[in-house]
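Right, one structure below, let's go through it.
The values are calculated or read from the model by the stated rules, or taken from the named source; none is laboratory data. Note that the structure is a prediction, hence the values are computed from the model and not measured. Positions of Cβ are generated from backbone atoms using ideal geometry, with glycine treated the same way; all protein chains shown enter the neighbour counts.
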Amino acid sequence: MLLTLPEHHQVLFVAGKGGVGKTVLASTIALARAEVGARVLLVSTDPAHSLGHLWQREVGDAITALGPPGLYGLEIDPTRTTEQHVQEVQQRLEPLVPDRLRSQVRRHLRLARQAPGTFEAALLERVAGTLEEQLDQMDLVVFDTAPSGHTIRLVSLPETMSAWTNAMLDQHGRSQKLTRALQGLDGEDPGLDLVTDSDQRGRRSDRDSEIRRTLLARQERLTRLRELLQDARRTAFVAVLVAERLPMLETIDLVEQLDEARMQAAALVVNKRSPVDAGDLLARRRRQEQDHLQMITSRFPDLPLVQLPLLGDDIAAPAGLHALATALKEAPDTVQG
């Protein structure tokens, strides 16, 4: 089921708690799709960046061929992305403010680099830009995301930032009306230098138009991204977990948060399931795992659940991914003891 999911979608997000195997699963799905002739981009938004380690090659902040034909990788650099985002904001703002305020703008943006939410906002812009640029070039874009809490913040941001941008547009509109009213009052002053006043009004008008264009462009981009993420025909979310209490609870939170954001999880993947025939310790552990799985399946009874066995060897691309793909083909889609 999981390997056929990309046949019906353009974008796939693989999410879950840290250490549950997101990078391996995302790479397996991407490789399987590339091997049937699709062009696939595998994107890591996780600051830990295990993608390069798994593929045993340098994968950086530019699209890189991973080896197999049609398969490409990208590791979004959080520091570079944040810095570039802040620089772009500064370049847009400085021409729009009086000279006397530009030093304050620069100081504010220096502080903003470390402010809560700056990285997520920058990452969201980068995700939106990557999708806009690559969906026409790629048959599938697979995101290997950061741990669950980060993913939840990321998918909720389009709604939050869209509302914030709407508020900015409304405030800007009110500011323009006030400015025109004040200009009308100033125009009644017989001592006003009309040429200078006309020049100032022209500069203000240009500045106001540029601010509005910038806000509208951002609003349109966020709207397109939100619509893409909420379109279950084009975008799928896969939640990966291991059958332990904390990953299970994080997964429940993730699926519920996705639902609140009108983004639906397409499947749950339980990784590293203990065998039943490898001694009393692992058999006892599997019984405990089963209790956790029954809790999550009772919470989401209609959500497909795929179980993957605990493998005996380390996984390295591409050979180890082929072994995992074989396990995926054989994996049951329902909870079994």
>> Which pairs turn up if I take residues in the range 110-124 that are more than 14 Å from GLN90 (Cβ to Cβ) and at pLDDT 70 or above and look for partners that are among the β-branched types (Val, Ile, Thr) and in a helix (DSSP H, G or I) with beta carbon separation below 9 Å, at least 6 apart in sequence or on another chain?
In response: PHE119/THR79; PHE119/THR81; PHE119/THR82; ALA121/THR82; LEU123/THR81; LEU123/THR82
>> For the range 40-59, which positions are surrounded by fewer than 16 Cβ atoms within 10 Å (Cβ to Cβ) and either touching a residue at least 12 places away in the same chain (Cβ under 8 Å) or part of a helix (DSSP H, G or I) (or both)?
In response: PRO47, ALA48, HIS53, GLN56
>> Looking at LEU281, LEU308, LEU321, LEU303, can you tell me which residue is among the aliphatic types (A, V, I, L, M) and over 27 Å from the mean Cα position of the chain (by Cα)?
In response: LEU281
> Residues ARG299, ARG285: which one is in contact (Cβ under 8 Å) with a residue 24 or more places away in the chain and either surrounded by fewer than 18 Cβ atoms within 10 Å (Cβ to Cβ) or out of contact with any Leu (no Cβ under 9 Å at 6 or more places or on another chain) (or both)?
Replying inline: ARG299
> When you go through LEU31, LEU2 one by one, which is the residue that is buried (at least 18 other Cβ atoms within 10 Å of the Cβ), part of a helix (DSSP H, G or I) and of a type in the set (A, V, I, L, M, F, W, C)?
Replying inline: LEU31
> Where residues in the range 120-150 are of a type in the set (D, E, K, R) and more than 22 Å from ARG33 (Cβ to Cβ), which of them is surrounded by the fewest Cβ atoms within 10 Å (Cβ to Cβ)?
Replying inline: GLU120
> Is the range 299-315 home to any residue that is basic (Lys, Arg) and either closer than 22 Å to MET1 by Cα or in a strand (DSSP E or B) (or both)?
Replying inline: yes
>> LEU66 - would you say it is in contact with a Gly (Cβ under 6 Å, 6 or more places away or on another chain) and more than 30 Å from LEU111 (Cα to Cα)?
In response: yes
> Picking from ASP253, ASP259, which residue would you name as being free of Cβ contacts under 8 Å to residues at least 24 places away in the same chain and either part of a helix (DSSP H, G or I) or surrounded by 15 or more Cβ atoms within 10 Å (Cβ to Cβ) (or both)?
Replying inline: ASP259
> Quick one: what pairs do we get from the range 216-244, first residue under 18 Å from THR23 (Cα atoms), second of a type in the set (Val, Ile, Thr) and assigned to a loop (DSSP other than H, G, I, E, B), C-beta under 6 Å, 6+ apart or different chains?
Replying inline: VAL240/VAL20; LEU241/VAL20; VAL242/VAL20
>> Criterion first (crowded, with 17+ Cβ neighbours inside 10 Å, out of contact with any Lys or Arg (no Cβ under 7 Å at 6 or more places or on another chain), closer than 28 Å to GLN10 by Cβ and of a type in the set (Val, Ile, Thr)) does VAL240 satisfy it?
In response: no
> Which residues, taken from the range 60-92, are buried (at least 18 other Cβ atoms within 10 Å of the Cβ), among the small types (Gly, Ala, Ser) and assigned to a loop (DSSP other than H, G, I, E, B)?
Replying inline: GLY70
